[in-house]
Amino acid sequence: MQDAESEQGATDDGSTATSNEKLRARQYWPPSTLYVVATPIGNLGDMTPRAITVLSDVDLIAAEDTRHSSSLLRHFGISTPMLACHDHNETEVAENIIARLAKGQSVALISDAGTPLISDPGYATVRRVREQGYRVSPVPGACALTCALSVAGLPTDRFSFEGFLPAKAGQRDKRLAALREQTGSIIFYEAPHRIVASLTAMVDTFGPDREAVFARELTKRYETLTGGTLATLLAEVSAERNQQRGEMVIIIKGLAMTETQRSEQELLADQVLTTLLGELPVKQATGLAVKLTGLKKNYLYNRAIDLVKDTT
């Protein structure tokens, strides 16, 4: 198999190239690649040129719902064949995709909206394809959770994405209770028919005064973004049926870190860095410390410099 650079050169020298060769040249990857392609969450203007190119040039598109995605493809003049890939058939479809990759074909994976695998099917497919040694390449774009977080006005230095809460009340309450003391922002998706029940449970678990943001129908005509306490959000959503429609994201502000927690965090950082600096230069030690502690890179780097100075 040719490497990426040689394939790019093959299409840059003026010779005639097939559609797949052009695709590989633009993306710099060889054939037999699975592309994970983000699509708009509402506004079709958010479709990226690269996504259109990839979806047009691959041999097959694996779509969560082919009926839903067909209108998107028609809008952009994309005629690539589609195959349904959802929760009920993903294991079978993954083997179909692998068989196509083995023949040198390229495949794109899309969900109904946004970035695949983010509370959507695709995990089993991507994992299986990677296990078989084939390249999986992201084509980034819209994602509801990052879209909401970017405009919420809540802390973004640390956050967790919890997806959809369990439908059953007992399981939902248990999941929320486990998140009560979290210091980072907490992001949820929710369905219209459960939004009031979920907000009620959040008030009970986090308290009525916990700051939160409710985002609905992002990038669409009736986009709304409402901030306040959980109690005020619950009251507003309960009072207006229109606020109980569409795609929803809830972001809850995490607890402020206590001085005790901060001291424990700093002690952990010093212990990890001291151990790593005994074997590695500052840059490498900092990189590993980020992965081990989850703390900010700049903080750990500056702390590493201080520790080196102290020892010299």
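Bear in mind that the values in this text are calculations on the coordinates, not laboratory data. Model, not experiment: these values are computed from the prediction. Please note: Cβ atoms are built from the backbone with ideal geometry, for glycine as well, and neighbour counts cover all protein chains shown.
Points worth noting:
- Rounded to whole Hz, the Karplus (6.51, -1.76, 1.60) HN-Hα couplings of the stretch 101-108, x for glycine and proline: 4, 5, 8, x, 7, 10, 10, 10
- Across the stretch 284-299, coupling constants 3J(HN,Hα) worked out from phi with the 6.51/-1.76/1.60 Karplus curve, θ = phi - 60°, read 5, 4, 5, x, 5, 5, 4, 5, 7, 10, x, 7, 5, 4, 4, 4 Hz, and Gly and Pro carry x.
- Distant-in-sequence amide H partners of residue 61 (H built 1.01 Å from N, under 5 Å): 82, 83, 108
- On the beta carbon distance between residue 197 and residue 241, with R0 = 22 Å, the FRET formula returns roughly 0.90.
- Additional length obtainable on full extension of the chain from residue 76 to residue 299, 0.36 nm per residue less Cα span: 75.7 nm
- Net charge dipole size for the stretch 145-252 [Lys, Arg +1 and Asp, Glu -1 on Cβ; Debye, nearest 20]: 340
- Loop-located trypsin sites (Lys or Arg not before Pro) in the stretch 151-247, at most 14 other Cβ atoms within 10 Å (DSSP): 158, 168, 180, 220, 221, 245
- Sequence-distant residues sharing a close amide H with residue 164 (under 5 Å, placed H): 189
- Each of residue 310 and residue 270 was given a label point 7 Å from its Cα along the Cα-to-Cβ line. The distance between the two points is 0.4 nm.
- Residue separation of residue 157 and residue 103 scaled by 0.36 nm, minus their Cα-Cα distance, works out to 15.1 nm of gained length.
- Residue range of the chain that is longest and free of GluC sites (Glu not before Pro) which are both DSSP loop and sparsely packed (at most 12 other C-beta within 10 Å): 1-180
- Relative contact order for the chain: 14 percent, from Cα pairs under 8 Å spaced at least 6 residues apart, divided by residue count.
- Separation between Cα centres of the stretch 121-160 and the stretch 189-218, rounded to whole Å: 23
- Between residue 131 and residue 117, the simple spin-label model (points 7 angstrom out along Cα→Cβ) gives 1.5 nm.
- Considering only beta bridges that DSSP places wholly inside the chain, some 45 percent are antiparallel.
- Other residues with beta-carbon under 15 Å from the beta-carbon of residue 309 carry, at +1 per Lys or Arg and -1 per Asp or Glu, a net charge of -2.
- Computed [θ] at 222 nm, helices only, for the chain once each DSSP H run of length n ≥ 4 contributes -39500 (n - 2.57): -14000 deg cm²/dmol
- Length gained on full extension, residue 232 to residue 66: 55.8 nm, using 0.36 nm per residue less the C-alpha separation.
- Taking Cα centre as origin and charging only the Cβ of basic (Lys, Arg, +1) and acidic (Asp, Glu, -1) residues, the dipole magnitude of the chain rounds to 260 debye.
- Residue-count net charge about residue 91 - beta-carbon cut-off 12 Å; Lys, Arg +1, Asp, Glu -1: -2
- Expected-Rg normalisation [2.2 N^0.38 Å, Cα atoms] applied to the stretch 105-226: 1.22
- Each residue of the stretch 140-155 was assigned a 3J(HN,Hα) from its phi angle through the Karplus expression (A = 6.51, B = -1.76, C = 1.60, θ = phi - 60°), giving x, x, 5, 8, 4, 5, 6, 4, 5, 5, 5, 10, 6, x, 10, x Hz with x at Gly and Pro.
- Kirkwood hydrodynamic radius (C-alpha pairs) into Stokes-Einstein, the stretch 236-312, 25 °C and 0.890 mPa s, D in µm²/s: 161
- Listed values (1) 0.98; (2) 1.04; (3) 1.09, entry calculated as Rg/Rh (Cα atoms, Kirkwood Rh): (2)
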